[in-house]
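Note sheet for the following structure.
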Amino acid sequence: MSTTKKLGLREKYRLMTRGLGWETTYQPMDKVFPYQSFEGIKIHDWDKWEDPFRLTMDAYWKYQAEKDRKLYAILDAFNQHNGHLNISDARYVNSIKLFLQGITLSEYNAHRGFVHLGRQFRGVGPRVASQMQALDEIRHAQTQIHALSHYNKYFSGFHGFQGMYDRLWYLSVPKSYFEDALTAGPFEFLTAISFSFEYVLTNLIFMPFMSGAAYNGDMATVTFGFSAQSDEARHMTMGLEVIKFMAEQDPDNIPIIQRWMDKWFWRGYRMLVLVAMMMDYMLPKKVMSWSEAWEMYFEQAGGALFEDLARYGFRMPKYADVSVKEKDRYSHEAWAALYHYGAAAGLHTWIPTSEEMEWMAEKYPNSFEQFYKPRLDYWDEQQKAGKRMYCASLPQLCQVCQIPAWFTEPDDPTQLCHRETEYKGETYHFCSDGCCDIFKGEPEKYIQARLPTHQIYQGNCGGASIEEVLKWSGIEVGHDNLDYLGSDDQKNWERWKHQTAVEKKIA
Amino acid sequence: MTVNALYPDYQGKVRDAESNFHGGRLLYVAWNRHLMFTNPFAYLVQPDMKFGDFVKTVMAPSFETHPDWAKIDWTKVTWHRKGESFAPDCSKTLKENGLAHKAAIQFSTPGLDGIGGLGI
C-alpha cells in the first residue's frame with residue numbers, strides 16, 4: 001500500500017511561490033513594476049528576501065478561521081451578558097471611542113497600502129508577505145468594528161466613525177499619517193509602516209489599549225487584542241526583515257533608509273501623543289504612565305534595536321532626544337488641549353479625580369504639580385462655578401503632523417514651540433524641528449496638506465459656525481461632545497449601575 | 001529634491017494659497033505665558049482691518065475669558081514676529097502693518113504672568 005507523503009510547510013511554501021517571479025516578455029519588467037526604482041533603492045537579488053514565516057494560504061486561512069471562531073464566540077457571549085456593565089467606569093469607553101475613530105480606519109488604510117505592495121513588488125517573497133498582511137489589516141478593521149459595535153447600542157460617539165475619520169478635525173492626525181505613507185513609494189511605505197510603526201512603535205499602541213481594556217474590564221477589546229496578537233508578531237518580524245534586506249542589497253540604500261527612519265519615527269511619535277493622553281487620562285484604572293511606557297518600549301527596547309542596526313551603519317532616529325525631553329509633559333499638554341476643545345470633540349473630556357491627580361503627581365514628580373495640576377485645578381474651579389472652559393477659537397495646526405501647535409520648547413515647558421519656513425513665497429508653520437525637517441525634505445508634497453482649520457475657513461466644511469462644522473463632521477452635538485459630567489453616558493451609566501445594585505439586593 | 005515622485009517635475013498645488021480664502025487671509029496669534037490657551041489661534045481676517053480693531057473685536061472674544069485680559073496695560077504690551085520684536089500701529093491696517101497671509105505673531109504682557117504667576 002502506498003501513502004502520499006504530506007508536504008511540510010517549507011515545501012508547500014516553495015511550491016506556492018514557484019514560478020511566480022517569471023521574467024515578462026510582452027512588456028519590459030520596468031513597465032510591469034513601475035514603482036521599483038524611483039525612490040533610489042537598489043535591489044540586486046530579490047531571492048535574498050527571507051520570509052521568516054513561509055506561511056502558505058491554506059495554513060493562513062486555517063489559523064485565521066480558528067481565531068475568528070473563538071473571537072466571535074466570545075463577542076456573542078459578551079453581548080448577550082451585557083458585558084459593557086462590567087467595565088470599570090463609563091469614562092473608560094472614551095478610550096475605545098478614540099480607538100474606533102482614529103485607529104480602525106487606519107488599519108483599513110494599512111490594508112490599502114499592502115494591497116498595492118502585493119501587486120507592485122518585483123520579488124515574490126515580499127509580494128506574498130504583503131498580500132497576507134493586507135488581509136490581516138482588513139481583518140483587524142472588521143473585527144474591531146464588530147467588537148465595538150456592542151458599545152454603539154449603549155454609548156455616544158461610536159455611531160459615525162467612518163465619516164469622522166474623514167472629517168473630524170483632530171482625526172486628520174492619523175489620517176494624514178497614513179495618507180503620507182500611502183502616497184510614498186513602496187520601500188518608504190514598508191519603512192514607515194512595517195518598520196517604524198509595526199516594529200518600533202506598535203507596542204505603544206497595543207499594550208496601552210489592550211492592557212487598558214483588561215484592567216478596565218472590557219473583554220470585547222481584550223479578545224480582539226488576543227486575536228490580532230499573532231498577526232502583529234508576524235508584522236513586526238517582517239518590519240525588521242525589510243530593513244535588513246534593503247540594507248544588505250546595496251550600501252547606497254543606507255542613507256535613504258536612515259532619512260525615512262528619521263521621518264517616520266517622528267511622525268509616529270507625534271501620532272502617539274493621542275495614546276499618551278489616553279493612557280494617563282482616559283483609563284480609570286491605569287496600566288502604566290506614558291513616561292514609563294516610553295522608557296521601556298522606546299528608550300530601552302528601541303535603544304537596543306538601534307545598537308543592533310549600527311552594524312549596517314544606522315543610527316538612532318533624529319530627535320529621539322527630544323522625545324525623551326517631552327515624556328514628562330506629552331500626555332498633559334494633549335489632554336489639556338482636548339479638554340479645552342471639549343465642545344469640538346467626538347468623545348467626552350473631564351477633570352481627573354483627586355486620586356487620579358495623586359497618581360499623576362507620583363508618576364510625574366518633576367512636572368505634574370509644577371505645570372499641569374494648577375491648570376486643571378483652575379479649570380475645575382471654573383467648571384464648578386458654571387463656567388466650564390470651552391475654547392471656540394480655531395487652533396493653529398502644524399503643516400506636517402496636523403496637531404494644534406500645543407507642544408512646548410524642548411528645553412522650556414512653559415514656552416510654546418513654533419517653527420516656520422518659506423517655500424516659493426508661502427509661509428508654513430510647524431510644531432517642532434522634527435516636523436519642519438520633514439517638510440523641508442519634500443515641500444512639494446506637504447504644501448498640499450489638507451489642514452482642517454484652513455479648510456473650515458475656506459468654506460469647505462459645512463458652514464461657518466462651530467455647530468455646522470461639527471454636524472458636518474458627524475458629531476451629534478450635545479451627545480457625543482462636551483464634558484463627561486452631565487453627559488448621556490454618565491446619566492445612563494449611573495442608572496444601570498443603580499439597577500444592577502437593586503437587582504443584586506433582591507436576589 | 002523637493003519631492004520623491006514617480007515622474008520628473010512633479011508640482012504640488014498650494015492648498016492654502018491666499019486666493020482660496022475669499023478675500024480674507026490667515027493670521028496666527030499666541031499669548032506668551034498664558035497656557036490656559038493651549039495653542040496659538042488661527043484667525044481669518046480682512047487685510048484692511050485696523051490692527052486696533054483686530055485686538056478689540058477678534059482677539060478679545062478668544063482671550064477675554066482669562067482674568068489677566070482685563071488687566072492688560074496695552075502701552076506695555078510687547079509683540080514678536082519670527083523671533084524679533086514687532087511694533088504694530090493700532091491705527092493702521094493689518095496689511096499696512098506688514099502682516100501678510102499666514103503671519104504668526106506673539107504678544108507678552110509684562111507683569112501679567114497667568115494664573116498664580118505660573119504661566120497658565
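Of these, B:D53, B:D48, which one is in contact (Cβ under 8 Å) with a residue 12 or more places away in the chain and over 15 Å from A:T453 (Cβ atoms)? Working first, answer last.
Values: B:D53 fails: in contact (Cβ under 8 Å) with a residue 12 or more places away in the chain.
From the options B:D53, B:D48, the qualifying one is B:D48.
For the stretch B:46-71, taking the residues that are at the interface with another protein chain (Cβ under 10 Å from one of its Cβ atoms) and of a type in the set (V, I, T), the one that is surrounded by the fewest Cβ atoms within 10 Å (Cβ to Cβ) is identified as B:T65. The lone criterion from (1) surrounded by fewer than 20 Cβ atoms within 10 Å (Cβ to Cβ); (2) within 19 Å of A:S95 (Cβ to Cβ); (3) touching a residue at least 40 places away in the same chain (Cβ under 8 Å) left unmet by A:Q383 is number (2).
The set of residues in the stretch A:44-71 being aromatic (F, W, Y), more than 21 Å from A:G123 (Cα to Cα) and touching a residue at least 12 places away in the same chain (Cβ under 8 Å) consists of A:Y63 alone.
Just one of the listed residues (B:L35, B:L26) is facing another protein chain (nearest Cβ under 9 Å), of a type in the set (A, V, I, L, M, F, W, C), in contact (Cβ under 8 Å) with a residue 12 or more places away in the chain and in a loop (DSSP other than H, G, I, E, B), and it is B:L35.
Yes/no per residue for (1) in a loop (DSSP other than H, G, I, E, B); (2) closer than 24 Å to A:N481 by Cα; (3) modelled with pLDDT of 95 or more:
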| position | (1), (2), (3) |
| --- | --- |
| A:H84 | no, yes, yes |
| A:S95 | no, yes, yes |
| A:Q101 | no, yes, yes |
| A:A110 | no, no, yes |
| A:H116 | no, no, yes |
| A:H159 | yes, yes, yes |
| A:Y165 | no, yes, yes |
| A:Y170 | no, yes, yes |
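The values are calculated or read from the model by the stated rules, or taken from the named source; none is laboratory data. This is a predicted model, so every value here is computed, not measured. Don't worry about glycine lacking a Cβ; one is built from the backbone with ideal geometry, like all the others, and counts go over all protein chains shown.
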